[in-house]
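The values are calculated or read from the model by the stated rules, or taken from the named source; none is laboratory data. Computed from a prediction, not measured in an experiment: that's the story for all the values here. Here Cβ is always computed from backbone atoms with ideal geometry, including for glycine, and neighbour counts include all displayed protein chains.
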Amino acid sequence: MRCAACSRAVTRAVSALAGVERVSVNVATARAAVDWDPQRVALKKILNVVSEAGFKPLPLAGKAAASVQRAEHRQALKRIGLAGLGMMQTMMFVYCIYASGAHGIDPGIAQYLKLAGLLIATPVLVYSGAPFFSGALRDLRRRSPGMDVPVALALLIAYAASVVNTFRGAGEIYFDSVTMFIFFLLAGRFVEMSVRRRNLSATEALARSLPTTVARIAKDGATERIAPGLIRQGDLLSIPKGAVIPVDSLLAAGEAVVDESLLTGESVSITKQVNEPLSGGSINVGQPIRVVATGCASQSMLASIVGLLERTQAERPAIVRTADGVASWFVLLTLTLAAAAGLFWIFAEPARALPAALAVLVVTCPCALSLATPAAMAAATARLARLGLLVTRPDALERLARVDVVVVDKTGTLTSGMPVVELKDTRRGYSRAAAFQTAAALESASDHPIAQAFRKHATPARVAVDLQEFAGRGVEGRIDGAIWRLGTHRFVKELTQEPGADLSGLSNDAGAGIALGNSEGMIATFVLADGLRPGALRAVEQLREMGLDIAIASGDQQEVVDEIARKLGVQEAVGRLTPQAKLALVQQRESAGTRVLMVGDGINDGPVLAAASVSCAMAQGSAVAQAAADLLLLNDSLGTLAEAIRGARRMRAVIRQNLAWALVYNLGAVPLAAMGWIAPWVAAVGMSTSSLLVVLNAARLARSPGASQ
Amino acid sequence: MNIVFLLIPLGMGLMVAAVAALFWAVNSGQYDDLEDASRPVLDSEDGQPPSELPIERQQG
């Protein structure tokens, strides 16, 4: 799978089958996605058709794929090695003939050297050059010429002419050119494939992270090792330290420390308690644990993520299809041009006819054209996946690069949805810290979310005893002999016996306010707020620095939204929006010509997400599979989004550079070659370098930018 | 100049030897994985029996 023509051949062959609904082949990733009706056509039939078309169908992962890949890798190395050594030898012989031109060379020795060259070039052509010939044959059978056709033609012509001239005892020989073509083209192709494979490694790392066997503990306590595919719901599994948890599961006993970086891109250790859910794909970094499977491997979050990534990588966006179409015409044009150049030189200067035609055939590089876009997209997608952002539609990155406005739904994106307590005021000379510490001490035994919010703020410095919880009202406890209460104003007032006038200012928001007091009176009041996510402020700043407008659209109270907007420095913040009003807001923006990136929590906001140019959802757990957004943020960090937009913009720049290079190279090199100004060996180097340059340029996208962070 | 007739087959013989050596090296798996082979040394903890090294699992 190297060129546009290859992917078209597969697409055409498979879609001709009855019962196949959709076929999509991605040339950069060498992956095919097929929707078919198993009632009407068997998978085996599809695979047969693919192999008839001249390609080896392989399952995406597993032992079979790995061993075939290894065999191909070995064969490629051997081909390159033979071609390289053969090239050096032939070059030496042919150089003797060239160099001796002025002084004359013994005809016997010259003939001897030519025969030696033939002896070496033949195995190189047959063994090392085989991929070009089989590729060209396949293209001709399918009547859709790819880049192998001109190369194979050039090799055959050069070799045949040299053989004839050797036995005729007159005329030029091109054994050096033949071996050199093969060596440079093979080496270029090899490096290009390695780079492309590495760009994909994010998906592969995910898919390969699954262990090959898992220890299942039977009812009688015996342990057996089974394949992850055999895990059933309810199985008790033993996970050693450092191993990947293969399926979504519940922690069976004790405490676990896991790292979900494979799923979210964030390498943070998370502590889980008994019966807390663990996502398949997280790594057990703590002590060995036992878990109860809640699903099978194919339903885990890991499997959903891998599935989505693969779907994206198998699809071909519109821009790629256009480039592919152009590339196939380009090959036909090349053949015509080479024939024309050859004919011209036969009449003008016969000695230069063959080199010129060869140079035209070899120098053209349709692959640079058809690889320019998909290589860049694959690299960018893979890198974002490592950061924790899944791209679910191939066109999404292109659109993301052009976004003007980011509209953020507040809850679950900017704010965590977890309550955060903030101090409103203190009295009687109590400090802020003292008030929080006292509150934390009183809440030390409670599981209530508000209690957790207090405990997050301060560690209790004093010990509270006789703790009592009054549902819906608050807690009471004794600290250093004095009775304290923390809860609703009414609840605390019952203890303090203060006159109502003291609290009149607070009575309005008494519902959300929390009071702290002891028998002497009211000590402090707190308010509950929806806490900003850590990093939200930084992310908003980053987005603004990148020249993007930011707007908040929320269904929450206007005051709450205003408060968040003030903290973030966002000018435009609208609250109290119904889903319809949000949709209208986004549509209005879009029709005004601005491109909107809508960020939502991915729940119940499908229409709004769909109305925007690009949509991004905060995806958690198994919701990943159902999410309808273009982008899925797996790690809840808006900072990743800023990084993604930056990445998408760089991707667009790289695609432009690649296309520009492919165009300039081909437009420049072909006429030069036709004029006979490019030696055949320069042509081979130029064409390999050209496609390599495009792929390496794209590979820059896969690297994390160290400088920008 | 007759020495040329001997030296050229000799050179070709050397090339055949070089090709044979390369094929042997590739076939014996020396170039299969150039990256991971360097890692187990860092991963293994002191006192851990070598049979638990990840490399063992891959070969098995």
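Below is a table of values for the structure above.
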{"read-out": "Residue count, the stretch A:479-493 (criterion: loosely packed, with under 14 Cβ neighbours inside 10 Å and either at pLDDT below 75 or under 16 Å from A:GLY513 (Cβ atoms) (or both))", "value": "0"}
{"read-out": "Count - residues of the stretch A:564-584 that are small (Gly, Ala, Ser) and over 12 Å from A:SER554 (Cα atoms)", "value": "2"}
{"read-out": "Verdict on A:ALA351 being surrounded by fewer than 22 Cβ atoms within 10 Å (Cβ to Cβ), in contact (Cβ under 8 Å) with a residue 12 or more places away in the chain and more than 21 Å from A:SER691 (Cβ to Cβ)", "value": "yes"}
{"read-out": "Wholly enclosed helices (runs of 4 or more DSSP H) of the stretch A:517-619 bearing at least 1 residues more than 29 Å from A:GLN452 (Cα to Cα)", "value": "A:536-545, A:579-591, A:606-611"}
{"read-out": "Qualifying residue in the stretch A:445-462 (condition: modelled with pLDDT of 75 or more and out of contact with any Asp or Glu (no Cβ under 7 Å at 6 or more places or on another chain))", "value": "no"}
{"read-out": "Test: residue in the stretch A:596-608 that is surrounded by fewer than 24 Cβ atoms within 10 Å (Cβ to Cβ), within 18 Å of A:THR392 (Cα to Cα) and modelled with pLDDT under 65", "value": "yes"}
{"read-out": "Unique match (being more than 48 Å from the chain's Cα centre (by Cα), part of a helix (DSSP H, G or I) and at pLDDT 85 or above) among A:LEU153, A:LEU85, A:LEU77, A:LEU115", "value": "A:LEU115"}
{"read-out": "Top-ranked residue in the stretch A:176-210 [being assigned to a helix (DSSP H, G or I), of a type in the set (Ser, Thr, Tyr) and modelled with pLDDT under 80; ranked as farthest from A:LEU390 (Cα to Cα)]", "value": "A:SER194"}
{"read-out": "Residues of the stretch A:112-123 classified as surrounded by fewer than 17 Cβ atoms within 10 Å (Cβ to Cβ) and more than 10 Å from chain B (Cβ to nearest Cβ), total", "value": "1"}
{"read-out": "Test: residue in the stretch A:93-100 that is buried (at least 16 other Cβ atoms within 10 Å of the Cβ), facing chain B (nearest Cβ under 7 Å), in a helix (DSSP H, G or I) and in contact (Cβ under 8 Å) with a residue 12 or more places away in the chain", "value": "no"}
{"read-out": "Inter-residue pairs, beta-carbon under 9 Å, first closer than 20 Å to A:GLY547 by Cβ and in the stretch A:561-576, second of a type in the set (Lys, Arg) and surrounded by fewer than 18 Cβ atoms within 10 Å (Cβ to Cβ), 6+ apart", "value": "A:GLY569/A:ARG544; A:VAL570/A:ARG544; A:ALA573/A:ARG566"}
{"read-out": "Identity of the residue in the stretch B:24-47, within 12 Å of chain A (Cβ to nearest Cβ) and loosely packed, with under 11 Cβ neighbours inside 10 Å, that ends up modelled with the lowest pLDDT", "value": "B:GLU45"}
{"read-out": "Neighbours by Cβ (under 6 Å, 6+ apart or cross-chain): first from the stretch A:271-297, small (Gly, Ala, Ser); second at pLDDT 75 or above and not in a loop (DSSP other than H, G, I, E, B)", "value": "A:SER282/A:VAL258; A:GLY286/A:ALA256; A:GLY286/A:VAL257; A:ALA293/A:SER249"}
{"read-out": "Failed item, numbered, when A:TYR98 is tested on (1) of a type in the set (Ser, Thr, Tyr); (2) closer than 16 Å to A:ALA684 by Cβ; (3) over 44 Å from the mean Cα position of the chain (by Cα)", "value": "(2)"}
{"read-out": "Residue identified as within 14 Å of chain B (Cβ to nearest Cβ) and either under 21 Å from A:PRO680 (Cβ atoms) or aliphatic (A, V, I, L, M) (or both) among A:VAL151, A:VAL126, A:VAL164", "value": "A:VAL126"}
{"read-out": "Flag if A:GLY647 is farther than 24 Å from A:MET193 by Cβ and in a helix (DSSP H, G or I)", "value": "no"}
{"read-out": "Unique match (being within 11 Å of chain B (Cβ to nearest Cβ), over 34 Å from the mean Cα position of the chain (by Cα) and not in a helix (DSSP H, G or I)) among A:ILE109, A:ILE105, A:ILE173", "value": "A:ILE105"}
{"read-out": "Condition broken by B:LEU6, with the remaining ones in (1) more than 10 Å from every other protein chain (Cβ to nearest Cβ); (2) within 30 Å of A:THR90 (Cα to Cα); (3) modelled with pLDDT under 70 satisfied", "value": "(3)"}
{"read-out": "Test for B:ALA21: is it under 15 Å from A:GLY81 (Cβ atoms) and either at pLDDT 65 or above or at the interface with another protein chain (Cβ under 10 Å from one of its Cβ atoms) (or both)", "value": "yes"}
